[in-house]
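Please read the structure below before turning to the comments.
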2 protein chains.
Amino acid sequence: MTIEMTGMLEPRSGWSADRCSMARTLAVVHTRSAFLILREAFYGATRFEEFAARTGVSEPVTAARLRKLVQEGILAREPYREPGQRTRDRYRMTDKGAELLPVLVALMRWGDRWEQSAGAPVELHHRGCGGRVGVELRCEHGHSVAGDELALVPGAPPPRPPVPHLG
Amino acid sequence: MTIEMTGMLEPRSGWSADRCSMARTLAVVHTRSAFLILREAFYGATRFEEFAARTGVSEPVTAARLRKLVQEGILAREPYREPGQRTRDRYRMTDKGAELLPVLVALMRWGDRWEQSAGAPVELHHRGCGGRVGVELRCEHGHSVAGDELALVPGAPPPRPPVPHLG
DNA sequence: CGGCATCCTTAGGGATACTG
DNA sequence: CAGTATCCCTAAGGATGCCG
């Protein structure tokens with residue numbers, strides 16, 4: 001199963017490692033600990049200790065990941081205070097972070113299918129309808145798209161240094 | 001945006017790091033180089049040099065990743081011979097590997113949206129219909145599912161060591 | 001509670017050179 | 001063409017201990 005290429009797509013012109021969107025996403029989150037922390041954020045964790053305890057990631061690494069994710073705008077750090085308590089910090093998912101959900105669900109579903117002989121340890125269901133939730137390729141016209149129905153086409157041209165022109 | 005939990009989901013009982021499907025997937029592929037090589041496999045690369053050249057990954061690392069991906073059953077190494085040429089090796093995507101496509105597309109789409117100020121460098125289109133392709137959460141009944149419509153429920157019970165019973 | 005500093009080990013990955 | 005061997009550097013991550 002390979003993706004058909006249309007148009008002129010010479011290697012390393014617009015889909016090379018430095019412009020590739022997938023590579024850029026991986027530059028932002030690519031460590032195991034980052035994904036685990038994001039998972040816990042989706043599961044509702046907000047406090048440092050929740051992240052560390054529930055992921056099993058050590059505190060120094062948890063601190064480093066949280067800092068990076070805040071830098072990248074995926075989590076937002078905000079102080080809060082419960083009545084009668086001192087001020088604490090909490091990490092909340094931003095919109096940018098929330099949009100990583102399909103990535104996590106896709107990873108989860110693949111693991112369910114190929115790395116869980118005994119079945120999925122947890123499942124995501126559609127509230128109300130109750131159906132199990134997965135991730136699907138879909139085009140903007142609403143069609144479900146199989147892998148071999150994909151065509152790869154050039155998008156935005158690579159940014160060029162402005163050419164000084166005479167006159 | 002957090003996922004509502006239903007049923008009893010005490011921490012570290014069924015969704016802890018060791019049983020988590022996402023963590024298991026990441027144990028199989030979590031390096032930048034592995035994702036780039038998979039991308040090229042989807043784009044049609046089959047030969048060692050194609051992977052190395054088109055990803056920009058060094059040969060030693062390319063060799064190590066290909067070996068790992070073959071071990072994991074994501075790529076299959078097979079000899080082939082073009083007429084009049086010597087035997088060569090080629091790496092072909094397996095079904096297990098092909099099912100990673102939604103993961104890669106999800107990563108790509110997020111990068112398009114959040115890390116590409118000038119727009120997507122390449123786009124995936126639905127052949128025939130021509131619509132742009134993205135990835136969507138969807139339940140088994142065909143409903144499109146928003147992030148806040150998700151419920152997390154316990155799945156298969158954790159495997160237990162068999163209890164020796166008397167009599 | 002929410003971290004940071006330090007130390008250590010292992011893994012990822014590039015450069016270069018070499019082999020079948 | 002398809003790798004392997006070697007060397008070296010950096011990043012990931014755990015353990016421990018300390019701080020406001």
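The values are calculated or read from the model by the stated rules, or taken from the named source; none is laboratory data. The shown structure was predicted, so the numbers you read here are calculated from the model rather than taken from an experiment. Positions of Cβ are backbone-derived with ideal geometry, glycine not excepted, and every protein chain shown enters the neighbour counts.
Contact map, segment A:60-81: residues that are closer than 16 Å to residue A:98 by Cα and more than 14 Å from DNA strand D (Cβ to nearest atom) paired with residues that are in a loop (DSSP other than H, G, I, E, B) and hydroxyl-bearing (Ser, Thr, Tyr), Cβ distance under 9 Å, separation 6+ or inter-chain. Pairs shown: A:73/A:94; A:74/A:94; A:75/A:94; A:76/A:94. Of the helices (runs of 4 or more DSSP H) that lie entirely inside segment B:10-90, those containing 1 or more residues that are out of contact with any strand residue (DSSP E or B) (no Cβ under 6 Å at 6 or more places or on another chain) and more than 9 Å from chain A (Cβ to nearest Cβ) span B:32-42, B:48-55, B:59-71.
Within 11 Å of DNA strand D (Cβ to nearest atom) and of a type in the set (Lys, Arg): is that true of residue B:47 in this structure? Answer is yes for this residue. Selection of segment A:93-129 for residues being surrounded by fewer than 20 Cβ atoms within 10 Å (Cβ to Cβ), closer than 16 Å to residue B:98 by Cα and either touching a Ser or Thr at 6+ places or on another chain (Cβ under 8 Å) or among the small types (Gly, Ala, Ser) (or both) yields only A:115.
Here is a yes/no grid of residues against (1) touching a Lys or Arg at 6+ places or on another chain (Cβ under 8 Å); (2) farther than 11 Å from residue B:21 by Cα; (3) among the β-branched types (Val, Ile, Thr):
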| site | (1), (2), (3) |
| --- | --- |
| A:100 | no, yes, no |
| A:106 | no, no, no |
| A:114 | yes, no, no |
| A:123 | yes, no, no |
| A:129 | no, yes, no |
| A:133 | yes, yes, yes |
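If I ask for residues that are charged (D, E, K, R) and either modelled with pLDDT under 95 or out of contact with any strand residue (DSSP E or B) (no Cβ under 6 Å at 6 or more places or on another chain) (or both), which ones from segment A:93-112 would you list? Of everything in segment A:93-112, those that are charged (D, E, K, R) and either modelled with pLDDT under 95 or out of contact with any strand residue (DSSP E or B) (no Cβ under 6 Å at 6 or more places or on another chain) (or both) turn out to be A:95, A:96, A:99, A:112.
Of everything in segment A:26-40 that is more than 16 Å from residue B:114 (Cα to Cα) and more than 10 Å from DNA strand D (Cβ to nearest atom), the residue that is surrounded by the most Cβ atoms within 10 Å (Cβ to Cβ) is A:38. Scanning segment A:2-15 for residues that are surrounded by 16 or more Cβ atoms within 10 Å (Cβ to Cβ) and either at pLDDT 90 or above or of a type in the set (S, T, N, Q) (or both) yields one hit, A:2. Within segment B:136-150, no residue that is under 18 Å from residue B:105 (Cα atoms) and more than 7 Å from chain A (Cβ to nearest Cβ) sits with its Cβ atom under 8 Å from a residue that is assigned to a loop (DSSP other than H, G, I, E, B) and of a type outside the set (A, V, I, L, M, F, W, C) at 6+ positions apart or across chains. From the list B:64, B:76, the one residue that fits, being small (Gly, Ala, Ser), more than 21 Å from residue A:137 (Cβ to Cβ) and within 16 Å of DNA strand C (Cβ to nearest atom), is B:64.
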